[in-house]
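Notes to accompany the following structure.
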Amino acid sequence: MVIIMKPHTPKEEVVILKQRLQEENVEVNEWDGENFCVLGLIGDTTKIDESKIEANEYVERVHKVQQPYKLANRLFHPDNTVIEVEDQIIGGRDLTVIAGPCSVESEEQIVEIAKLVKKSGAGFLRGGAFKPRTSPYSFQGLKTHGLELLKIARQETGLPIVTEIMTADMIDRFVEDVDVIQVGARNMQNFELLKELGKTRKPILLKRGLSATIEELLMSAEYIMSEGNENVILCERGIRTFETYTRNTLDLSAIPAIKKLSHLPVIVDPSHAAGLWWMVEPLAKAAVAVGADGLIIEVHNDPANARCDGQQSIKPEKFDRLMEDINTLAQIGSRNIYETINI
Ligand code: PEP
Ligand code: MN
C-alpha cells in the first residue's frame, strides 16, 4: 500500500500516521520530496482499513498494490487447490462435470436424470431443493423432501450431490446430507451465511453474484476461508449487463483472470449464463477452451414441463453428445473428463 500525503503536511502529522500504521504490524518506509511525502507499507496490509487512512485530512491518496484477499490469493498459495469429493477430484487434471435439473421435482424425475447424466460421464448430480425464485408465487422447491429425493438418487447412482443452501439454520442438515453445498448468486454476499459455512469443512460451490466483480467474488471466498474452510469452488454463471438477448452475459474472461489471481478451482455454468438451451453447448465448449476446471449444466428429461428453468435445460441426449465433444476438447488442453463407472 502506498500513501501519498498532501503537500506541506506538518512533519508531526506524518509521524503520528506512521506510528498508527506500525501498530498494524507493517513496515513503513518514507520518501520525502521538496514539499511532499510518500509512505510505502510493506507486509500484510489486508487487515488495514484503507478508508480510515483516506479519512485523514493530510492524506491525498491511497494506492493498493496488494489484493485485499489473502487466503484465496495465488500469491500466497502458488499451487492449485484440489478438492476431493468421493472419487472425484475438483481442480486437478480432470474436468468436473456437474449435471442435473434446476430443481428436484419427484423421485422418478431426479433418479431418471441422475442415471442418464451418470451414463454420459457426469461426476456429480445437481438439483435444487430450496429454490431462490424472483417471484414468491413461483415454485420454491420441495425443500427437505427434495433433499431426501437427492439422497435416493445418490444411492441409486453413486453420484455425489450438489444443492443450494439459502439459510444458515439448514447448515447441519446440509452437512449431513449433501456432498457439495452450493451458495447461489443471490447469496454470494450473505456474509453471515458465508461465515457459518466457513465453520464447516464441506466443499462450497460459490456462485458469482449477478453484479459482483471478480474481486468481490474472491472476497466472498475469503469470508468462507477465513473461518477455516478452504474447500471453496468458484463458479462463473454470467453477470448482468445491458444486453437483454441472453439471461446474463457469460464473462469468459473471468476464468483466466481468476486462475491468475487465485488458486481456487473455477467452474462455469453456461445454463444460467445464457438462459437459452441451445446456447449451452457452445458456451460449455468455450468455457473448457479458456481453462475452466469444470462445468455445471442443467439437464432435464422433459424441459417443456420443468417446474423451473426448462428454457435453459438441455435434454439428456444432447448432454450425452456434449460430453463427447467436451472430452475431445479437454484433451487438446491436456485434460480429461473424469470417467465414472457407468451403471
Ligand atoms: C441454480 O443453480 O439453479 C441457480 C439458482 O443458480 P444462480 O444462483 O447462479 O442463479
Ligand atoms: Mn436454475
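Quick note: the coordinates plus some simple rules give every number you see, no bench work behind them. Because the structure is a prediction, the values reported are computed rather than measured. A quick note on method: Cβ atoms are made from the backbone with ideal geometry, for glycine too, and the neighbour counts reach across all protein chains shown.
Using just the helices of the chain, give the 222 nm mean residue ellipticity in deg cm²/dmol: DSSP H runs with n ≥ 4 each add -39,500 (n - 2.57), and the total is spread over all residues, rounded to 500.
Working: 11 runs with 114 residues, N = 343.
Rounded to the nearest 500, it is -10000 deg cm²/dmol.
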Between His77 and Glu34, the two model label points (7 Å from Cα along the beta-carbon direction) sit apart by a distance in nm of 4.9 nm
Could you give the length gained on full extension between Ser135 and Asp87, defined as 0.36 nm per residue of separation minus the Cα-Cα distance, in nm?
13.5 nm
Please give the charge dipole size of region 281-330, origin at the Cα centre, charges +1 on K and R Cβ atoms and -1 on D and E Cβ atoms. Round to the nearest 20 debye.
80 debye
Among Val28, Pro282, Ala254, whose Cα sits farthest toward the positive end of the charge dipole of the chain (+1 at Cβ of Lys/Arg, -1 at Cβ of Asp/Glu, about the Cα centre)?
Pro282
The farthest towards the positive end of the charge dipole of region 83-341, of the residues Gly128, Ala114, Phe191, given +1 on Cβ of Lys and Arg and -1 on Cβ of Asp and Glu, is Phe191
Glu216 versus His8, label points 7 Å from Cα toward the beta carbon: distance in nm?
4.1 nm
Per residue of region 211-219, in order, report the coupling 6.51 cos²θ - 1.76 cosθ + 1.60 (Karplus, θ = phi - 60°) as ³J(HN,Hα) in whole Hz, putting x for Gly and Pro.
10, 8, 7, 4, 5, 5, 4, 5, 5
Can you work out the FRET efficiency for the pair Asp325 and Ala257, with r the C-beta to C-beta distance and R0 = 35 Å, to the nearest 0.05?
0.85
Whole-Å distance, taken between Cα centres, linking region 259-275 and region 144-221
16 Å
Taking 0.36 nm per residue of separation and subtracting the Cα-Cα distance, what length does fully extending Val15 through Glu112 add?
27.9 nm
Taking H as built 1.01 Å from N, whose amide H comes closer than 5 Å to the amide H of Leu295, not counting residues under 5 places away?
Thr96, Val97, Ile98, Val268
How large is the Kirkwood hydrodynamic radius of region 2-63, counting all unique pairs of alpha carbons, in Å?
11.6 Å
Using the Karplus curve 6.51 cos²θ - 1.76 cosθ + 1.60 with θ = phi - 60°, work out ³J(HN,Hα) for each residue of region 315-330 in order, rounded to whole Hz, and write x for Gly and Pro.
6, x, 5, 5, 4, 4, 5, 4, 4, 4, 5, 5, 4, 5, 5, 4
Between region 110-135 and region 1-21, the alpha-carbon center distance in angstrom:
57 Å
J(HN,Hα) series, region 133-138, from Karplus relation 6.51 cos²θ - 1.76 cosθ + 1.60, nearest Hz, glycine and proline x
10, 4, 9, x, 8, 7
Would you mind getting the Kirkwood hydrodynamic radius of region 83-341 from its Cα pairs, rounded to one decimal in Å?
17.8 Å
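By average Cβ neighbour count within 10 Å, what is the ranking of 29-36, 80-87, 154-161, 194-201 from highest down? The partial results should precede the final answer.
Details: 29-36: 10.1, 80-87: 15.4, 154-161: 19.8, 194-201: 18.2.
Descending packing order for the listed peptides: 154-161, 194-201, 80-87, 29-36.
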List the cysteines in the chain whose Cβ has no other cysteine Cβ under 4.7 Å from it.
Cys37, Cys235
